[in-house]
Amino acid sequence: MLASCYDTSSSMDPSIPLEVTSEPSSEISVKVSNRIVTFLVPKDKLNGRALINRLHRVPYWSGVLEKRAKLHREFTFKKYSNAIEFITYIAGEAQIMGHYPKIINIKNRVSVTIRSTHLDGLTEKDFILAERVNFVFERLTV
């Protein structure tokens with residue numbers, strides 16, 4: 001299954017699509033302003049081999065896969081203003097998904113940590129957000 005989203009608001013680049021493939025375990029739709037996003041993702045916490053396999057699909061992210069599992073990645077930009085622009089894009093994606101990462105900015109560096117606190121672990125939604133963050137970073141640093 002494929003879910004897609006194109007932003008038509010003035011705050012973000014409309015050419016950045018959201019494309020997600022997943023097993024259709026549950027459907028989650030989110031509407032923010034004029035955006036509608038539909039995800040077909042499992043709601044359950046990922047464990048064992050599924051968690052390890054999924055981590056291999058998000059390059060440059062490190063994972064704590066034990067108790068209180070989380071994803072983490074550091075980003076470095078040429079200028080402070082580029083780091084702030086990146087954070088703004090992440091905030092837009094987080095708002096759409098209703099899933100908010102921990103973001104720390106120090107000068108031109110941004111640290112992003114993602115986890116599903118209500119499950120004390122990682123879900124498919126965490127990995128989708130990590131993929132979106134990677135995509136935005138690649139678009140802004142080209």
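Worth a mention:
- Selection within the stretch 75-115 - of a type outside the set (A, V, I, L, M), without any contact (Cβ under 8 Å) to a residue 60 or more places away in the chain, in contact with a Lys or Arg (Cβ under 8 Å, 6 or more places away or on another chain) and farther than 20 Å from Arg54 by Cβ: Thr76, Tyr80, Asn108, Ser111
- Failed condition for Arg68, given (1) assigned to a loop (DSSP other than H, G, I, E, B); (2) within 16 Å of the chain's Cα centre (by Cα); (3) at pLDDT below 90: (2)
- Against the criterion of being of a type outside the set (Gly, Ala, Ser) and assigned to a loop (DSSP other than H, G, I, E, B), Leu119 qualifies.
- Total residues in the stretch 41-59, condition closer than 14 Å to Leu129 by Cα and either at pLDDT 80 or above or part of a strand (DSSP E or B) (or both): 5
- Of the numbered criteria (1) closer than 19 Å to Leu46 by Cα; (2) at pLDDT 95 or above; (3) not hydroxyl-bearing (Ser, Thr, Tyr), the one Ile84 fails is (1).
- Conditions (1) modelled with pLDDT of 60 or more; (2) aliphatic (A, V, I, L, M); (3) assigned to a loop (DSSP other than H, G, I, E, B); number of the one not met by Met12: (1)
- Residue in the stretch 71-94 that is over 22 Å from Thr141 (Cα atoms) and either surrounded by fewer than 20 Cβ atoms within 10 Å (Cβ to Cβ) or touching a strand residue (DSSP E or B) at 6+ places or on another chain (Cβ under 8 Å) (or both) present: no
The values are calculated or read from the model by the stated rules, or taken from the named source; none is laboratory data. Since this is a predicted model, take the numbers as computed values, not measurements. Glycine gets a Cβ as well: all are built from the backbone with ideal geometry, and neighbour counts include every protein chain shown.
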